[in-house]
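Accompanying notes for the structure given below.
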Amino acid sequence: MPDTFKRKIKVAIDGPAGAGKSTVAREIARRLGCSYLDTGAMYRAVTLKLIRERVALADLERIEAILMQTGLDLENGQRVFLDGEDVTLEIRQPAVSKLVSPVAAIPAVRSRMVALQREIASRSTSIVMDGRDIASRVMPDADYSFYLDATPEERARRRQKELMGQGLELSIDEVTAGIEERDRIDSARADSPLVITPGALVIDTTEFTFKEVVALLLDVIRAESGCAPDAATSI
Ligand code: DC
């Protein structure tokens, strides 16, 4: 039975690629009975559109025009629709992963995505959002802010496993190189880079299982919101 809260709650989960944010955030949302938004999926969908339209990333005028004509729908953390087409699997392809960080560094792309994300948050009763700038920009008023991290080796291992589950076989070296490059761009960009915001609870998940991380976050949220933690969520 999901929890019900008397007031609207907003949960921000930030962190680098492969830290397990999306799987944890999706499960937290399910357990709390909140909406879930995978903001990385939005940047990926825009990237796919730019690839399909063969747009040069320097062509900012064309990118802005395309952004205005692009329809993005996310079905509560399950499926991603680009102009009505289900692109859930396609946005995980290596070609998209390779280009998504440079695309996400473009200020026009970010301001459009942030506006959409805030609109979705304002429409939701309660929401869990994961990304890179959720606490720093999208929901600075979040009730709970977590920063999930893990060693680069562990993040690469997790990402490789996730990709395998989608039928994509990449060597650990390829996955590591991709993650390192995305970390570098996501942390160094001028517009809302990946940062640890003051007040965020930083959790190094390297030694934790998925279940333990979920339990830890749920315990923090429930304790602070007056819900007693149940036995199932204790680590
Ligand atoms: O979470 P992910 O790996 O699917 O995210 C894909 C890319 O999108 C990531 O390299 C950085 C970018 N991103 C971002 O800049 N801001 C967000 N809120 C979410 C993702």
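The values are calculated or read from the model by the stated rules, or taken from the named source; none is laboratory data. Small disclaimer: the values here were computed from a predicted structure and weren't measured. Neighbour counts run over all protein chains shown; Cβ positions are idealised from the backbone, glycine included. The accessibility values were calculated without ligands, DNA or RNA, using every heavy atom of the protein model including side chains. Shrake-Rupley method; radii C 1.70, N 1.55, O 1.52, S 1.80 Å.
Over region 168-217, the fraction of Cα-Cα pairs per 10 Å bin, rounded to whole percents and listed from the shortest bin up, is 20, 29, 43, 9. With distances taken between every two different alpha-carbon atoms, the chain has a Kirkwood hydrodynamic radius of 18.2 Å.
Summarising the amide proton neighbourhood of residue 145: residues at separation of 5 or more, or on other chains, whose placed amide H is nearer than 5 Å comprise 12, 201. Normalised by 2.2 N^0.38 Å, where N is the number of residues, the C-alpha radius of gyration of region 34-111 stands at 1.03.
Give the accessible surface of the chain per residue, rounded to a whole number of Å², with probe radius 1.4 Å and ligands, DNA and RNA excluded.
It amounts to 49 Å² per residue over the chain.
Ordered from highest to lowest accessible area with the whole protein assembly present and a 1.4 Å probe, 195, 11 read as 195, 11. For the chain, the longest principal axis of the alpha carbon atoms and the long axis of helix 210-224 meet at an angle near 60°. Between residue 7 and residue 177, the simple spin-label model (points 7 angstrom out along Cα→Cβ) gives 5.0 nm.
More than 21 Å apart: what percent of Cα pairs in region 76-178 qualify? Counting pairs separated by more than 21 Å, the tail of P(r) holds 49 percent. For region 22-75, the square roots a ≥ b ≥ c of the C-alpha gyration tensor eigenvalues yield an a/c of 1.5 or more together with a/b exceeding b/c, which makes the shape prolate. Here the label points at residue 76 and residue 206, each 7 Å from Cα along the C-beta direction, are separated by 3.7 nm in the simple model. Each Lys or Arg adds one and each Asp or Glu takes one away; over the other residues whose Cβ falls under 12 Å from the Cβ of residue 160, this sums to -1. Near residue 72, the amide H atoms lying under 5 Å from its own belong to 83; only residues 5 or more places off or on other chains count, and H is placed 1.01 Å from N. The calculated FRET efficiency for residue 60 paired with residue 98, based on their beta-carbon distance and R0 = 22 Å, is about 0.60.
Shown in residue order for region 143-157 are the 3J(HN,Hα) couplings computed by the Karplus curve 6.51 cos²θ - 1.76 cosθ + 1.60 at θ = phi - 60°: 6, 9, 10, 10, 10, 9, 9, 6, 5, x, 5, 5, 5, 5, 4 Hz (x for Gly and Pro).
Taking 0.36 nm per residue of sequence separation and removing the Cα-Cα distance, the residue 119/residue 86 pair yields an extension gain of 9.7 nm. Computed in the context of the full set of protein chains, the accessible area of region 141-225 at 1.4 Å probe radius has 55% of its extent on carbon or sulfur. The amide H of residue 128, built 1.01 Å from its N in the peptide plane, has 11, 35, 36, 37 as neighbours under 5 Å, considering only residues 5 or more places off or on other chains. Dividing the helix sum by the residues of the chain, where each DSSP H run of 4 or more adds -39500 (n - 2.57), gives a mean residue ellipticity at 222 nm of -15000 deg cm²/dmol.
Normalising the average separation of contacting C-alpha pairs (under 8 angstrom, six or more residues apart) by the number of residues puts the relative contact order of region 1-105 at 25 percent.
To the nearest ten degrees, helix 39-52 and the longest principal axis of the Cα atoms of the chain are 10 degrees apart.
I'd like the orientation of helix 107-123 relative to the chain: the angle between its Cα long axis and the longest Cα principal axis, in ° from 0 to 90, rounded to 10. The helix 107-123 is inclined about 40 degrees to the chain.
Its relative contact order, with pairs defined as Cα atoms under 8 Å and 6+ residues apart, puts the chain at 30 percent. Taking every C-alpha pair closer than 8 Å and separated by at least 6 residues, the mean separation divided by the residue count of region 99-188 gives a relative contact order of 31 percent.
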